Structures are given as C-alpha cells and as structure tokens.
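Here's the structure we're looking at; comments come further down.
The values are calculated or read from the model by the stated rules, or taken from the named source; none is laboratory data. Small disclaimer: the values here were computed from a predicted structure and weren't measured. Virtual Cβ from ideal backbone geometry, glycine too; neighbours counted across all protein chains shown. The accessibility values were calculated without ligands, DNA or RNA, using every heavy atom of the protein model including side chains. Shrake-Rupley method; radii C 1.70, N 1.55, O 1.52, S 1.80 Å.
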Amino acid sequence: MSTIFESRLRTLEGMAGCPYRNGLKGIEKESLRVSAGGRLATTPHPPKLGSALTHPHITTDYSEALLELITPPYAEYEELFRFMTDLHTFVYANIDAEILWATSMPGNVGRDPDIPIANYGSSNVGRMKTVYRIGLGNRYGRRMQTIAGAHFNYSFPEAFWKCFRIVCRDSNPLYDFINQSYFALIRNFQRTGWIIPYLFGASTALHNGFIDDTNGFKQFDKNTWFLPYATSLRMSDVGYKNKAQASLCISYNNLDEYISSLTRAISSPYPDYEKIGVKEGDLYHQLNPNILQIENEFYSFVRPKNIAKTGEKPTHALERRGVRYVEIRALDINLFEPLGLGASESRFLEAYLISAMLEDSPLVSDDELTEINYNQSLVACRGREPSLSLQRRGSQIALTEWATEICNQVSAVADYLDSVSGITVYKEAVERHIAAVKDPEMTPSARVLAEMRAAGESFIDFALRKSREHAEWFRNRELAPEKLDYFNHAAQASLDEQLEIEQRDNTDFDTYLERYFSQVI
C-alpha cells in the first residue's frame, strides 16, 4: 500500500464513526427486449410501463427495444437490490411473452434498418432525444448501439467530506474541495479502472452477424466468433471505441478543464460528420456535425455527474452545482445474476472507489493518457492472457502484480467497512475477486466460454437459455400490493406528464435546438 493511502486510511479510522460508510449507491441497467425466441422486439415501448420520456425508473436507451431500468440512490444494498428486483418483476408482468436479453452483446438484431430507434413523443425535448439517436446510428451504426451495460452510481456521504478535508489539510471551501476530490478519484479510476472489465467483463463471444471484420477473432462454431482471452468486447473496438473519440483529450485535471475540453468537442466540426449533413428538408440526420452532438455521446469508463434539469446541458449542471456523484460505466451485464449486477460486485466497487479517493492522484500527463488508453484496450481484448503485462509510468508490469496491489488496498478499505458493522460482507466480496486475479478461469468472461463449451451451445443459444432462466425467475415472483400500486401510479403519472409537456410546447423544433445549443451560464 502507498504511504499516502495508508496514512489517510488510518487517520479516518481514528475519527468518530465511519466517515465513508453509507454512501449513496444507484444502478442503471440496460436490457434488450426480445421475443421468446430471441429475436429483437419490434413492438413499441409497452404503454403499461409508462412514458420513456418522463418515467423516473423505466426508460429506453438507444433503441425502442433497449430498456433502461434505474433505481433511486440508496445507502443500504438490501434496499437497492430489493427495488431493482421489484422493478424487474413489474417489467416482466407488462411485456407479455417478451423477455430481457441477459448479456451485453446482442443476439441476431438483423440489419441496421431493422433496429427501431427510441421514440419519445412529439415534444421538442422528446424529438431532440430521438434525433440524437438518429445521429448515433448514422455515425456508428445501429447495431453497435444495441450493446447493453450496467452503470454503478456512487456518492460519498456528507460526513466523509468534512473529515477528509481535515485529513488532507485542505483550506479551500468545501464545495471546491469536493469537486477537486471527485476528479482525483476519477483520475485514479482512469489509471486502474482496467481492473473492472478484467474482474466483471462478461462479453467475450458474439453472434457472427454482429461484426463485418473478423480479423483476430476465432470461430467458436458456425454462428459464433470469440476472442480466447477477451474480458469485455463491449469495451473494445468492437463496442464503444471509435476513431473520432480516440483523438479527444478530455481533461480530468479539474472541473473547469473538464467542462472546457468537453464543450470544445461539442462545438468542433468533424469532417466525416459534416459529410452526413444535419438536415434535409424536415428530416434530421443528426443534431449537429460536431465531434460530439451532446455531452452524453462521449464514452468513458467513468463520468462526473450532477442531475441536469429539463433542458439544461449536463456541463451546465456541473458548472452550476458541482459534482454530485460518479457514474461507473465500465460494467458488462453479468448474465450469471438475474439483475445483471450482484451484491458482491457492488461492494467491491464501493470499496474500490473509496480506495481510489484515498490514494494520491497526480495530474495525468499526455504520456500517461496514452498508457491508460493502451491498458484499457489491451485488457478488454486480452485480459486473461497468461503473463500479460501492462504499462505503468514508462515500464512494464504484470497484470496480476498490479491487480494484486490494487486489491490489497481495496481489501484494507473492506476491513474497515466490515469492522464498523461487525460482519464480513465487504471482505468476502474482495476475497472472491482476489481469487479471480489468481485464477482467470474464475472471471465471468472465462465462465461464459466454459459454459458454452460444456453445453455445446452457440453464443445465441447460451444467451437465450440464460435469458429464459432469468425471465422464469422474475415471473414466478409477485409484487406486494403497495409496490404494484406504486409502479402502476408512476407509469400513469409519467404518461400524464409527457402529455402535459407536449401540450405546453409552443416553439418550433429548429428554434428549440438553436436555443438549447446557445445556452450560456
């Protein structure tokens, strides 16, 4: 353990209570709706689930068929996973015979034109969301947008910040200290976040119709391609990586530089996107021809977040109110868990984020950024390769050696979290993942291939079997009457709210976009 990390940890341990216990946790989980036979659903977003535009917990991501389920933030995992379980149960009760696809990589989604783009109604804010997705399809293809993931959101408790500022001997206003500290955490997550796809990645195989370029892939069977040592194809060039964003240098030095560099990308034209054009007649091809249409198009392992108000840019929300939480975006759907994310993973993530906060975090140089991008890409495609080495400060280091160092610090945090409650759930979670560092065959990515081989299944057959198992599990549950009433009321209230928004609109769409993009602080 580093000297700074150990000193900060021990000093916090000596303070009253547990300053970093009871941070708020939330989950966002995407799932494709498919037919009982595994074909991509072409049905509209089910009305009984409410409005995808305004519902607080049930929306859609890229496609009309790509559900996104969102929990409120909770301090306790029992409440968090109970809500997510009830949410899934409600969804399954209202999608007829359809099921939710259990893996990050989709099955046979057909040709790009066959993939329905999400529809958010006739309001200006709804149309903007749809046009943004049209732009994503024109830029990257629709198939790539059907990849699903899970996000883990985390915010430190208020008691932590006052204690941590004392530990750091920082005299800045608390607001500034919090922003600086979150960006320090984010820089450390960039440095060591490759461990997340290594430990939790579960997308190492895919349907042969998903990719056109199979260079480097091996054939598992006539319908399946795979990379033998991959951890997360979702986080590789097959998934969210692209050449336009590869040239971006988004700064995580501080909040001002982050906003400035992201704003520059949103306002800088990109030649390939200029060729697409923005609009023909009344038909929009994208929101604008810039490197990023809006902030959400930038894909990274982790994001600083605040809650944007209706019509407010995410960067403006950050500039006005600072960082409220971090969003961890490097998680594949865990198909071995009905919810797609388990309690063990979540507890490891929480302890990992705390350890990243306590560690020293110098600014990221250009050379280090190159190393970060290299390591992230290498682990996604070859993370389980024997004797694999990564780059750290200009030298090579074995992945297992570096991962062990990371896990040792996470384990120290877990010990303290457990000591306050008198149980060992955090320690057990960390030990489970330390075992996967020592034995890569214990990782979800290796387990996927092993189970496919044992059952003699293609990727689609395997994913469909797991999807049906999860569907049966949820359909055998019944919601308590008060929970059913809550979700039914939320669905109807969201439909009413969308109708009100549409009725209030009195501005044409072109003017609405002009005003949105001309916002100033």
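Things worth noting here:
- S300 meets each of the listed conditions (1) at pLDDT 95 or above; (2) within 25 Å of F183 (Cα to Cα); (3) open to solvent by less than 60 Å² (accessible area, probe 1.4 Å) apart from (1).
- Residues of the range 345-389 that are among the acidic types (D, E) and either within 21 Å of E257 (Cβ to Cβ) or at pLDDT below 95 (or both): E359, D360, D366, D367, E368, E371.
- Count of residues meeting criterion [of a type in the set (D, E, K, R), at pLDDT 95 or above and either within 16 Å of the chain's Cα centre (by Cα) or surrounded by fewer than 16 Cβ atoms within 10 Å (Cβ to Cβ) (or both)] in the range 188-220: 1
- When T400, T443 are checked against the criterion of being under 25 Å from the mean Cα position of the chain (by Cα), of a type in the set (S, T, N, Q), surrounded by fewer than 19 Cβ atoms within 10 Å (Cβ to Cβ) and within 30 Å of Q219 (Cβ to Cβ), T400 stands alone in meeting it.
- Those residues of the range 40-56 which are of a type in the set (S, T, Y) and in contact with a strand residue (DSSP E or B) (Cβ under 8 Å, 6 or more places away or on another chain), in sequence order: T43
- Residues in the range 303-317 that are surrounded by 20 or more Cβ atoms within 10 Å (Cβ to Cβ) and closer than 20 Å to L353 by Cα were compared, and the one that is farthest from the chain's Cα centre (by Cα) is P304.
- Looking at E76, E158, just one residue is closer than 30 Å to E337 by Cα and open to solvent by 10 Å² or more (accessible area, probe 1.4 Å), and that residue is E76.
- Criterion (touching a residue at least 12 places away in the same chain (Cβ under 8 Å) and touching a Lys or Arg at 6+ places or on another chain (Cβ under 6 Å)) met by exactly one of A150, A205, A159, A184: A150
- Residue that is farthest from S421 (Cα to Cα), among those in the range 19-28 that are open to solvent by 10 Å² or more (accessible area, probe 1.4 Å) and modelled with pLDDT of 95 or more: E28
- The listed residue being at pLDDT 95 or above and surrounded by fewer than 20 Cβ atoms within 10 Å (Cβ to Cβ), out of Q245, Q180: Q180
- Filter pass, N375 being in contact with a strand residue (DSSP E or B) (Cβ under 6 Å, 6 or more places away or on another chain) and open to solvent by less than 40 Å² (accessible area, probe 1.4 Å): yes
- Residue within the range 360-370 that is buried (at least 23 other Cβ atoms within 10 Å of the Cβ) and either in contact with a helix residue (DSSP H, G or I) (Cβ under 9 Å, 6 or more places away or on another chain) or assigned to a helix (DSSP H, G or I) (or both) present: no
- Only residues that are more than 24 Å from D510 (Cα to Cα) and either among the aliphatic types (A, V, I, L, M) or part of a loop (DSSP other than H, G, I, E, B) (or both) were counted across the range 253-297, and they come to 4.
- Just one of (1) of a type in the set (A, V, I, L, M, F, W, C); (2) modelled with pLDDT under 95; (3) under 24 Å from S203 (Cβ atoms) fails for W402. It is (2).
- Per the listing R477, R504, the residue uniquely touching a helix residue (DSSP H, G or I) at 6+ places or on another chain (Cβ under 8 Å) and open to solvent by 70 Å² or more (accessible area, probe 1.4 Å) is R477.
- Tally of residues being surrounded by fewer than 21 Cβ atoms within 10 Å (Cβ to Cβ) and on the phi < 0 side of the Ramachandran plot across the range 99-116: 6
- Looking only at the range 125-147, and only at residues there that are in contact with a Ser or Thr (Cβ under 7 Å, 6 or more places away or on another chain) and open to solvent by less than 10 Å² (accessible area, probe 1.4 Å), the one that is farthest from Q503 (Cα to Cα): I147
- Residues in the range 1-18 include none that are over 21 Å from G126 (Cβ atoms), of a type in the set (A, V, I, L, M, F, W, C), in a strand (DSSP E or B) and open to solvent by 10 Å² or more (accessible area, probe 1.4 Å).
- Residue in the range 48-70 that is assigned to a helix (DSSP H, G or I), open to solvent by 10 Å² or more (accessible area, probe 1.4 Å) and either closer than 30 Å to E274 by Cα or touching a residue at least 24 places away in the same chain (Cβ under 8 Å) (or both) present: yes
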